[in-house]
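> Handing you this structure, nothing more for now.
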Amino acid sequence: MSDRVIAPFEGFGLGLRPPHYADFLDHEIPVDFVEVISENFMVRGGRPLYILDAVRERHPVAMHGVSMSIGSADGVKPDYLRRLKTLVDRVDPLWVSDHLCWTGLEGFNSHDLLPLPYTEEALAVVCANINRVQDVLERPILLENPSSYLTFADDEMTEHGFMARMCEATGCFLLLDINNIYVSGTNHGFDPATYIAGVPVDRVRQMHLAGHSQGRDLLIDTHDQPVPDPVWALYDLACQRFGPVATMIERDDDIPPLGELLTELDIARARAGRLECAA
Amino acid sequence: MSLLAIQRGLRDHILANQSGQSEGVSARGAAGLAVYRHAYRAQLVACLRDTFEQTWSWLGDDGFDAAALSHIVAHPPCGWTLDAYGEDFPETLTGLYPDDPEVAELAWLDWSLRRAFDGPDADPITPEALAEVDWESAVLTLPPTLTIGEVITNSAAIWGALTGGEAPPAVERLPAPAAIRVWRQGLSPQYRSIDAFERQALAMALDGYTFARLCEQLGGPDDAERTVARVGGLLGTWLQDGLVCSAG
């Protein structure tokens, strides 16, 4: 892995989603960076790459993936890594992130972010996979805490404890999804504040803010709502602990006009700024 | 329990779509397992609806979703990108609708246009670039997004009406089998119905025939002039459609 540096603070950004492509191409949008879903642009040509190149001329870009499957017992797929590296070389992103999860195994791909048991064995597998990815991409990556809906009988440590050791062993960084902490905390009965207190301060390089929905039995990470009050309150707590960290509003369904998301992003700016001033 | 065993168990549980326990999951995991089982299918159905939008429109929600769920059981996804999921959905539809060939034809058109959308880029040449071409030895290079499908119904007209939000025409069998070519011109995926003559000409061009040999093979022994004129007309259409990337 190269010693490429990821700056501690890159400002406030939004996810680039198809309903907003024209806004980003035709207007100056007041964001410090945009985050793209890597897989949407790991294509051979056409409009997706045209749009990406045009947006990249105006804004720094962070790449966020959903298919790395960093926790697969049978490793990260070489073809996926090759294609990801090609996109990394094209974009020169601020950073590359994916999720602490597994998506597929032995030729099957669920296209869902499936949970990992937090065991010593899983930690070794994840760390080996991270090292391989970082070697190929020649940069440290960020991994995001997932929302989860079940836990495992053999769990040997907390999720934040797992992530702390993962960072220590591999030099990777964290994308802390505040909504996911809230969702998983509610679903599994842990205290989100304790979770945040256990995350290593110097490893967090990005935070996601999003909304969720109440399912029949569990909270579901739907990204189809504005950021709710309990998530904002957790964000305040995270800002107090981690200081200025790049923050993004993540919306993937029922996507509102861009102006609404920019207003939500202004709230994040204000809350983070207020806490910074108070510090 | 090993990570591999846990992951195999969860994979098999999701694929089987049966309530119950998955080995290694904590005792309170039933509700969570239901979330993952549901999310897997919901995401794939949504993916197929998105890719096969006009087929979905033609079959309606219930018919399409039943076909999609049947496909998901028979063809679990194996690629890392959802974009690749659905390549064999037209085949599934052929099996499910053996007496309605327009269904699979619509699905083929949906799929091919989606693939052309983000397929490799190519730069078509202008008619002026043909001024110096030696037609005896010239080979035409066609865009990498070009694909050709055989049709026996008026599926292209149905697809066009559905896309335009118009009432689709009734299904009709064509008087003779024909074809549709799909490609991307600039950033826009395109399709056009073609006759058997153009179909054969494109197949030969794709096979690397020289332009002279292509004309020779397409025409009978007595109508060489007529064939050259006809192929010349095709060449004009191809140039206009951005289908010729080089000739030399």
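What follows draws every value from the coordinates through simple rules; no lab data is involved. On a predicted model such as this, the values are computed, not experimentally measured, just so you know. All Cβ positions, even for glycine, are placed from backbone atoms using ideal geometry, and neighbour counts span all protein chains on display.
> Rounded to whole Å and sorted largest first, what semi-axes of the equivalent ellipsoid does the C-alpha gyration tensor of segment B:150-194 yield via the square root of 5 times each eigenvalue?
20, 16, 4
> Moving to a separate point now. In terms of the Cα gyration tensor, with a ≥ b ≥ c the square roots of its eigenvalues, is segment A:167-279 rounded because a/c is under 1.5, prolate because a/b exceeds b/c, or oblate?
Values: a/c = 1.65, a/b = 1.14, b/c = 1.45.
Taking the square roots of the gyration eigenvalues as a ≥ b ≥ c, segment A:167-279 is oblate.
> Can you give me the relative contact order of segment A:65-105 as a percent, contacts being Cα pairs under 8 Å and 6 or more apart?
That works out to 66 percent.
> While we're looking at this one, here's another question. Counting pairs of alpha carbon atoms under 8 Å apart in space and at least six apart in sequence, what relative contact order in percent does segment B:117-248 give?
It comes to 37 percent, rounded to a whole number.
> Taking neighbour counts of Cβ atoms within 10 Å as a proxy for exposure, in what order, fewest first, do A:E39, A:E260 appear?
Details: A:E39 22, A:E260 13.
In increasing order of surrounding Cβ atoms, one gets A:E260, A:E39.
> Here is a further query. Once a ≥ b ≥ c are taken as the square roots of the eigenvalues of the Cα gyration tensor of segment B:117-248, is the result rounded (a/c under 1.5), prolate (a/b larger than b/c) or oblate (a/b not larger than b/c)?
Oblate, because a/c is 1.5 or more while a/b does not exceed b/c.
> Take every residue in peptide A:146-159, count the Cβ atoms of other chains within 10 Å of its Cβ, and give the average of those counts. Kindly include the intermediate steps, with their values, before the conclusion.
Working: counts 0, 1, 3, 8, 14, 6, 10, 8, 7, 2, 0, 0, 0, 0.
Mean partner shielding for this stretch: 4.
> Still on this model: Among A:S110, B:S26, which comes first, second and so on when ranked by fewest other beta-carbon atoms within 10 Å?
Neighbour counts put them in this order, fewest first: B:S26, A:S110.
> Note down the magnitude of the dipole of segment B:117-248 about its Cα centre, charges +1 on Lys and Arg C-beta and -1 on Asp and Glu C-beta and zero elsewhere, to the nearest 20 debye. Walk me through the intermediate numbers first.
Values: 8 positive and 18 negative charges, 86 e Å.
Dipole of segment B:117-248, to the nearest 20 debye: 420 debye.
> If you build a Gaussian network model of chain B, linking Cα atoms that sit under 10 Å apart, which residue out of B:G165, B:G208, B:G95 swings the most?
B:G165
> Volume per residue, Å³, of the convex hull around the alpha-carbon atoms of segment A:49-105?
78 Å³
> Counting partner chain Cβ atoms within 10 Å of every residue's Cβ in A:101-113, what's the average?
Per residue, the number of nearby Cβ atoms from other chains is 6 on average.
> Follow-up. So what's Rg/Rh here for chain A, counting alpha carbon atoms and using the Kirkwood radius for Rh? Write out the running numbers ahead of the final one.
Details: Rg = 17.8 Å, Rh = 19.0 Å.
Ratio value, two decimals: 0.93.
> Sticking with this structure for a sec: What does the structure give for B:27-33 when I average, per residue, the other chain Cβ atoms found within 10 Å of the residue Cβ? Before the final figure, lay out each step's value.
On the way: counts 2, 6, 6, 2, 7, 9, 2.
Per residue, the number of nearby Cβ atoms from other chains is 5 on average.
> If you average the sequence gap of Cα pairs under 8 Å that are 6 or more apart and divide by the length of chain B, what percent do you get for the contact order?
For chain B, the relative contact order is 18 percent.
> Starting from 0 in steps of 10 Å, tell me what percent of the Cα-Cα pairs of chain B lands in each bin.
For chain B, the binned pair fractions read 7, 25, 25, 19, 13, 7, 3, 1, 0 percent.
> To check you understand DSSP bridge types, tell me what percent of the beta bridges within the protein assembly as shown (both residues inside) are antiparallel, rounded to 5.
45 percent
> Assign one of three labels to the protein assembly as shown, namely rounded, prolate or oblate, based on the Cα gyration tensor with a ≥ b ≥ c the square roots of its eigenvalues; rounded applies when a/c is under 1.5, prolate when it is not and a/b is larger than b/c, and oblate otherwise.
Verdict is prolate for the protein assembly as shown.
> On to the next question. Would you mind ranking A:T86, B:T92, B:T81, B:T126 by Cβ crowding within 10 Å, fewest neighbours first? Could you put the intermediate results ahead of the total?
Details: A:T86 12, B:T92 21, B:T81 17, B:T126 9.
Lowest count first: B:T126, A:T86, B:T81, B:T92.
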